[in-house]
There are 2 protein chains.
Amino acid sequence: MDEEHTCEVYVEWKKKKKGIISFLDDKKGEIEFSVPPEFMGHQHIVTPEDLFLSSLLTCLDAYFFNMAARTRLKFTSFRSCAKSKIVPIGPDYIFSKIDINVYIGVKDERDAHKAERAMNIAEKGCYVANSIKPKVKVKKHIKIEKKED
Amino acid sequence: MDEEHTCEVYVEWKKKKKGIISFLDDKKGEIEFSVPPEFMGHQHIVTPEDLFLSSLLTCLDAYFFNMAARTRLKFTSFRSCAKSKIVPIGPDYIFSKIDINVYIGVKDERDAHKAERAMNIAEKGCYVANSIKPKVKVKKHIKIEKKED
């Protein structure tokens, strides 16, 4: 990405404490959201805090996928998890420190080093992490996975 | 919400530059995401920046829905839009200022004042806005809508 890139997102209220998110490109589909149950909203529907952690985690992971492609790293598996708390600060709330765990499977020692390096670069470059106030701690779990015969 | 509230989000890599987001409560379903096309990812799939703006916009709107319920404001329509740019800062990128437009329909002058006040409180209390670095500018468009006979 060499130039500025614009992003636009829409919300439309549906009923009670629910709404629908849509995007400039309508082929991206829609996401239903709700006020969290803790704020007397609905159960089993994505909340603003789910979306906040999702944006951070996918940004980090997407950066890693890009670095992997650029360095020709072929990882065999990848999963990650982000965890945080919403804590009071005066009359309001903020996100506390965010803990991320990343689990990457690779085929040999050489790729394990490549994966470590790619994730270090992703941590530094992640534009969501660079745009938020809470501290982000990334713990990497890189494992050499035996090929199944 | 009187106490700390924990949030947890998962990503699993699917193929190439795509992945799936899931949540602690698996009844919330899954969201597919991709590296943005600008970073040589895929077209027509939700990106980390879509999720970032979604989290901010839904947090503001959810806060407003809560304030409306608390003050017994019955709005007749509600939609909103968030817009931002990802801009370079040295070798990395960050989100620039975020512009939000909110369109609220109400039935009379009294509710128009209530809606204005509820949105002012939502702006101050929005915990995503309080957790991010970019400036957030909210422009309110409150309109008295005639009831259709």
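The values are calculated or read from the model by the stated rules, or taken from the named source; none is laboratory data. The shown structure was predicted, so the numbers you read here are calculated from the model rather than taken from an experiment. Reconstructed Cβ throughout: ideal geometry from the backbone, glycine too, with neighbour counts over all protein chains shown. Accessible surface areas use protein heavy atoms only, side chains included; no ligands, DNA or RNA. Shrake-Rupley method; radii C 1.70, N 1.55, O 1.52, S 1.80 Å.
General remarks:
- Within region B:32-62, the residues that satisfy the criterion of being part of a loop (DSSP other than H, G, I, E, B) and more than 17 Å from A:Asp61 (Cβ to Cβ) are B:Gln43, B:His44.
- Of everything listed in (1) modelled with pLDDT of 95 or more; (2) touching a strand residue (DSSP E or B) at 6+ places or on another chain (Cβ under 9 Å); (3) surrounded by fewer than 20 Cβ atoms within 10 Å (Cβ to Cβ); (4) under 26 Å from A:Val87 (Cβ atoms), the single unmet condition for B:Gly125 is (1).
- Meets criteria (within 16 Å of B:Tyr10 (Cβ to Cβ) and either assigned by TED's automatic domain parsing to the domain that holds A:Lys140 or of a type in the set (Gly, Ala, Ser) (or both)) for A:Leu53: yes
- Checking B:Lys85 against (1) within 7 Å of chain A (Cβ to nearest Cβ); (2) out of contact with any strand residue (DSSP E or B) (no Cβ under 8 Å at 6 or more places or on another chain), the condition it does not meet: (2)
- The set of residues from region A:67-78 being over 14 Å from A:Ile104 (Cα atoms) and either touching a residue at least 40 places away in the same chain (Cβ under 8 Å) or of a type in the set (Lys, Arg) (or both) comprises A:Arg70, A:Thr71, A:Arg72.
- When A:Pro88, A:Pro48, A:Pro37 are checked against the criterion of being open to solvent by less than 30 Å² (accessible area, probe 1.4 Å) and farther than 15 Å from B:Glu32 by Cα, A:Pro48 stands alone in meeting it.
- Which numbered condition A:Ile21 misses (of (1) open to solvent by 10 Å² or more (accessible area, probe 1.4 Å); (2) touching a helix residue (DSSP H, G or I) at 6+ places or on another chain (Cβ under 7 Å); (3) of a type outside the set (D, E, K, R)): (1)
- Scope region A:97-109; condition closer than 26 Å to B:Ile132 by Cβ and open to solvent by 30 Å² or more (accessible area, probe 1.4 Å); matching residues: A:Lys97, A:Asp99, A:Asn101
Condition check ((1) out of contact with any strand residue (DSSP E or B) (no Cβ under 6 Å at 6 or more places or on another chain); (2) more than 7 Å from chain B (Cβ to nearest Cβ); (3) not β-branched (Val, Ile, Thr)) across all residues:
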| site | (1), (2), (3) |
| --- | --- |
| A:Lys18 | no, yes, yes |
| A:Ser22 | no, yes, yes |
| A:Glu30 | no, yes, yes |
| A:His44 | yes, no, yes |
| A:Thr47 | yes, yes, no |
| A:Tyr63 | yes, yes, yes |
| A:Asn66 | yes, no, yes |
